[in-house]
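The next block holds one structure in the form of structure tokens; read it before the comments.
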């Protein structure tokens, strides 16, 4: 085997796989969203932070729809990585909801899991005609449903 062939094989082995690159992108996206949640929680009233984050999630889904599909395809066999990211996002939403509950702005009988289910439903319906307008309505519905009764 020539030294050029050996060098080419070594370089090939050192290149990350498409799946590894997808995983790195996914981790980066989740980290950015979680950082955004913490930033909003630190700088805005709790109810406003929650609303801003949820609307920002919709913006993120809309802007990165193609990326989401690509990542889902490339990471189909990495369910543990996807679950880890989902847990991190759910914790970010949990923290935002808990802060709004402490402030008395939202009900204490609806958990972050229900909010996450709404976000998952929004993401799954992305191909629906009129998705963006309806998504804004769903977020408004979620926020109104969370609001503490007068």
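How much length, in nm to one decimal, is gained on full extension between residue 132 and residue 91, taken as 0.36 nm per residue of separation minus their Cα-Cα distance? Please list the in-between numbers first.
Working: separation 41, 0.36 × 41 = 14.76 nm, distance 2.53 nm.
Result for the pair: 12.2 nm of gain on full extension.
As an exercise, use a Förster radius of 22 Å and the Cβ-Cβ distance of residue 21 and residue 82 to find the FRET efficiency, rounded to the nearest 0.05.
Numbers: r = 15 Å, r/R0 = 0.70.
FRET efficiency, residue 21 to residue 82: 0.90.
Every read-out reported here was derived from the displayed coordinates using simple, explicitly stated rules and does not represent laboratory data. The structure presented is a predicted model; accordingly, all values stated were derived computationally and were not measured. Note that each Cβ is placed from the backbone with ideal geometry, even for glycine, and that neighbours are counted across all protein chains shown.
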